[in-house]
Ligand code: AMP
Ligand code: MG
């Protein structure tokens, strides 16, 4: 039986330095008191997360961030005021002697986020402490977007799971470094796209998506992968499909595949929806991986969703970035 718990129990457990999985608007988070070395170490152990990969710290609002000693420049404030609470995270200089040092894997910066999910907000407010919360999955795998996905992956390793249904966005937050107010760096693309930032900041501010490997320690590790091996679907070009495979395709690819002379109706198909609605694909992509893994398929042939297919608005580019990391070829 899943160890689903109430908001009140989650709060009590967190106050007692336990680790609980909580829904957020991006993906489910594995939360713990960000000021407790004991609690933070449990997160690393449960996830099997490399110890040099720091954690995002979650706050109730800008007021709480400032109370914790952070100093924000005008652009950072502008970004937070526009997009928070929501799926955006900001890299900030860690204040001197901050208790949050235990969540930073030794760095002198910390990434902060103000989530909009009501359950998560209630829990931060009630614990009255910033909560470190990476995605609630074993390191290397896709992030969970339902409570059942957390339960199947982590089970009793977590002290409890708050069931908040499906996550609104389904992929991880956009991470931004705005330390230099005229050159904004996107350390990880996410649901808030370059376009939305451009509209807010105007033409005088440059926005650059940086090669994350140099900027975020976590990006050198394997990420987002299902257990099944993922190949790119190359449509009707004489595709040799291995046994025990499933095709995970856009509506457009399904149509073309069915019309092609190589179409084989014995091969299972699962639909991602329209290529023109990347936000909707982002919302369900990890859940699709989960369902396919549950059914025991060995291979997934996935529609080619490369970055040049999507505009700079919304989740499209982030979706393409995540999927580029799960492909085996
Ligand atoms: P997640 O593992 O989904 O929680 O994502 C957090 C990402 O942010 C990882 O790739 C981390 O390496 C990165 N990160 C966290 N804190 C910092 C920091 N202070 N500086 C740079 N990257 C960070
Ligand atoms: Mg993660």
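The values are calculated or read from the model by the stated rules, or taken from the named source; none is laboratory data. Predicted model, so just to flag it, every value in this text is computed and none were measured. Cβ coordinates were reconstructed from backbone atoms using ideal geometry, including for glycine residues, and neighbour counts include every protein chain displayed.
Could you tell me how many of the residues in the range 163-172 are away from ligand 2 (no atom under 16 Å from the Cβ) and either surrounded by 23 or more Cβ atoms within 10 Å (Cβ to Cβ) or over 18 Å from residue 7 (Cα atoms) (or both)? So that I can check it myself, show each step before the final result.
So the first thing to find is which residues in the range 163-172 are away from ligand 2 (no atom under 16 Å from the Cβ), and the list is 163-166, 168.
Adding the requirement that they be either surrounded by 23 or more Cβ atoms within 10 Å (Cβ to Cβ) or over 18 Å from residue 7 (Cα atoms) (or both) leaves 168.
Qualifying residue count, the range 163-172: 1.
Please determine whether any residue of the range 160-180 is more than 18 Å from the chain's Cα centre (by Cα), under 21 Å from residue 40 (Cβ atoms) and at pLDDT 95 or above. So far as the range 160-180 goes, yes, one or more of its residues are more than 18 Å from the chain's Cα centre (by Cα), under 21 Å from residue 40 (Cβ atoms) and at pLDDT 95 or above. Among residues of the range 206-217 that are within 16 Å of ligand 2 (Cβ to nearest atom), those with a beta-carbon under 7 Å from a residue that is modelled with pLDDT under 80 at least six positions away or on a different chain give the pairs 212/219; 213/219; 213/220. Scan the range 120-147 for residues that are over 16 Å from the mean Cα position of the chain (by Cα), surrounded by fewer than 17 Cβ atoms within 10 Å (Cβ to Cβ) and either part of a helix (DSSP H, G or I) or touching a residue at least 60 places away in the same chain (Cβ under 8 Å) (or both) and the total you get is 2. Scanning the range 105-114 for residues that are more than 16 Å from ligand 2 (Cβ to nearest atom) and assigned to a loop (DSSP other than H, G, I, E, B) gives 106, 107, 108, 114.
Within the range 66-99, the set of residues being within 10 Å of ligand 1 (Cβ to nearest atom) and either under 13 Å from residue 173 (Cβ atoms) or not in a loop (DSSP other than H, G, I, E, B) (or both) comprises 89, 91, 92, 93. Within the range 9-22, the residues that satisfy the criterion of being more than 16 Å from ligand 2 (Cβ to nearest atom) and either touching a residue at least 12 places away in the same chain (Cβ under 8 Å) or at positive phi (or both) are 9, 10, 11, 13, 14, 15, 17, 18, 20. Being within 28 Å of residue 278 (Cβ to Cβ) and either at pLDDT 95 or above or more than 33 Å from the chain's Cα centre (by Cα) (or both) is the filter here, so list the residues in the range 239-255 that pass it. Selection gives 245, 246, 247, 248, 249, 250, 251, 252, 253, 254, 255.
Just the residues that are away from ligand 2 (no atom under 14 Å from the Cβ) and either at positive phi or not in a loop (DSSP other than H, G, I, E, B) (or both), please, taken from the range 23-57. Write out each step before concluding.
As a first pass, look at the range 23-57 and keep what is away from ligand 2 (no atom under 14 Å from the Cβ): 23, 25, 32-42, 45, 51-52, 57.
Listed by number, the residues that qualify are 32, 33, 37, 38, 39, 40, 41, 42, 45, 57.
Screening the range 150-162 for residues that are closer than 20 Å to residue 58 by Cβ and within 16 Å of ligand 1 (Cβ to nearest atom) and picking the one that is surrounded by the most Cβ atoms within 10 Å (Cβ to Cβ) gives 150. Residue 117 meets the stated requirement of being under 23 Å from residue 224 (Cβ atoms), away from ligand 2 (no atom under 16 Å from the Cβ) and in contact (Cβ under 8 Å) with a residue 60 or more places away in the chain. Filtered by the rule that a residue be farther than 19 Å from residue 319 by Cα, surrounded by 14 or more Cβ atoms within 10 Å (Cβ to Cβ) and touching a residue at least 40 places away in the same chain (Cβ under 8 Å), the range 244-280 gives 245, 246.
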